[in-house]
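One structure is given below, encoded as structure tokens.
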Amino acid sequence: MAETGASVLEGADFVVPVPLHVVRRYQRGFNQARELARHVGTPVLDALRRTRPTAMQTDLPEAERHLNVRDAFAVARGARPSLRDAVVVVIDDVSTTGATLDACACVLLDTGAREVRGLTAARAASRLP
């Protein structure tokens, strides 16, 4: 991921893993996005938190995915000063529609990040009918 995403990571101040809701994190035992973020060679900043539980994106039709993650993220306590004028790369495991990355990017940009990029370990095709 670090090799193929080198151009995305170039010049980044931080990578920000997509957070899990506390309940899902407890059930799973780890956050896969955070594990990926630890291995890309750029400082990790846990700048986001989930504000509410959401349905699994994989269980939803494409049209509902943006609605599912709307207002599901907020800036984590203490992260705001680090984000000001920063170049940030949001890290997630899989992207299909980009809804989660978009929702995270909006929060980070609203907080003062200069630029937000996305990097995922996999890109999934949309479900066939």
Inset, instruction - Scan segment 19-53 for residues that are in contact with a Lys or Arg (Cβ under 9 Å, 6 or more places away or on another chain) and polar (S, T, N, Q) and jot them down. - result: Asn31
Inset, instruction - Give just the number: which of (1) part of a loop (DSSP other than H, G, I, E, B); (2) under 18 Å from Asp93 (Cβ atoms) does Val15 not satisfy? - result: (1)
Inset, instruction - Any chance you could count how many residues in segment 28-69 are at pLDDT below 90, polar (S, T, N, Q) and within 15 Å of Ala103 (Cβ to Cβ)? - result: 3
Legend entry - Selected residue (criterion: farthest from the chain's Cα centre (by Cα)) from residues of segment 11-27 that are under 17 Å from Thr120 (Cβ atoms) and either of a type outside the set (A, V, I, L, M, F, W, C) or at pLDDT 95 or above (or both): Ala12
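The values are calculated or read from the model by the stated rules, or taken from the named source; none is laboratory data. On a predicted model such as this, the values are computed, not experimentally measured, just so you know. Note that we place each Cβ from the backbone using ideal geometry, even for glycine, and neighbour counts take in every protein chain shown.
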